[in-house]
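All remarks here apply to the structure that follows.
The values are calculated or read from the model by the stated rules, or taken from the named source; none is laboratory data. Being a predicted model, the structure only gives us computed values, none of them experimental. All Cβ positions, even for glycine, are placed from backbone atoms using ideal geometry, and neighbour counts span all protein chains on display. Areas reflect the complete protein model, heavy atoms only, side chains present, ligands, DNA and RNA absent. Shrake-Rupley method; radii C 1.70, N 1.55, O 1.52, S 1.80 Å.
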Amino acid sequence: MSKTVLITGASKGIGAATAILFAEKGYNVVMNYNNSVQSALILQKSLSESGYKVTAFQANVRNRLDVDLMVKETIERFGKIDVLINNAQASASGVTLADHTTDQFNLAMYSGLYAAFYYMQACYPYLKETKGTVINFAS
């Protein structure tokens, strides 16, 4: 049975490149995206047409209910999680630290640190079962 990787922030950049790499290594790939719908669906279609088992889920990593639902759907589809890659991170790009608002700081904390915590906690039982691993890019 193939291994399964769940990647947050997988619609573009490092997350998309990571999804491609794991697909090419034979993993079932579960891609999380939030705002980059078109990019995620194009990547999913391209990889699927190449014969890879890839699915994309829209989930807001800052929302614990979305995270739990995505993990549940991953288990329903592939039966396990072997690798969790926390790559999602939002920030107020181009804003100096001195000009950051509390809301902008919270965006960074909730999309990075808290999202990684939510996913690690939700995936823990499945990673424990598979003796899986967690990779944190964004936090």
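The table for this structure:
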{"item": "Accessible area (Å², 1.4 Å probe, nearest 10) - residue 75", "result": "40"}
{"item": "Heavy-atom accessible area order for 31, 120, largest first, 1.4 Å probe", "result": "120, 31"}
{"item": "Angle in degrees between helix 37-49 and the longest Cα principal axis of the chain, rounded to the nearest 10", "result": "20"}
{"item": "Cα centre as origin, Lys/Arg/Asp/Glu Cβ charges: the chain dipole, Debye", "result": "360"}
{"item": "Helix 115-130 axis, angle to the chain major axis (alpha carbon atoms, nearest 10°)", "result": "20"}
{"item": "Residues whose placed amide H lies under 5 Å from that of residue 28, excluding near-sequence neighbours", "result": "3, 4, 5"}
{"item": "Heavy-atom accessible area ranking, 1.4 Å probe, most first, across 68, 103, 82", "result": "103, 68, 82"}
{"item": "For the chain: accessible area per residue (Å², 1.4 Å)", "result": "55"}
{"item": "Too-long pairs where the Cα-Cα distance tops 22 Å, listed order kept, from 3/128; 25/80; 3/53; 72/131; 45/131", "result": "45/131"}
{"item": "Segment 1-44 - Rg (one decimal) and Dmax (whole number), Cα, Å", "result": "9.8, 32"}
{"item": "Protection proxy ranking of 36-48, 107-119, 2-14 - average other beta-carbon atoms within 10 Å, highest first", "result": "2-14, 107-119, 36-48"}
{"item": "Over the chain: helical MRE at 222 nm, DSSP H runs n ≥ 4 each giving -39500 (n - 2.57), nearest 500", "result": "-14500 deg cm²/dmol"}
{"item": "Radius ratio Rg over Rh of segment 61-111, counting only Cα atoms, Kirkwood formula for Rh", "result": "1.16"}
{"item": "Ordering of 54-67, 87-100 by packing [mean C-beta count within 10 Å, highest first]", "result": "54-67, 87-100"}
{"item": "Cα shape, segment 34-139, gyration tensor, a/c 1.5 rule", "result": "oblate"}
{"item": "Relative contact order (%) - the chain, alpha-carbon pairs under 8 angstrom, separation at least six", "result": "26"}
{"item": "Computed label-point distance, nm, for sites residue 96 and residue 65 using a 7 Å Cα→Cβ extension", "result": "4.1"}
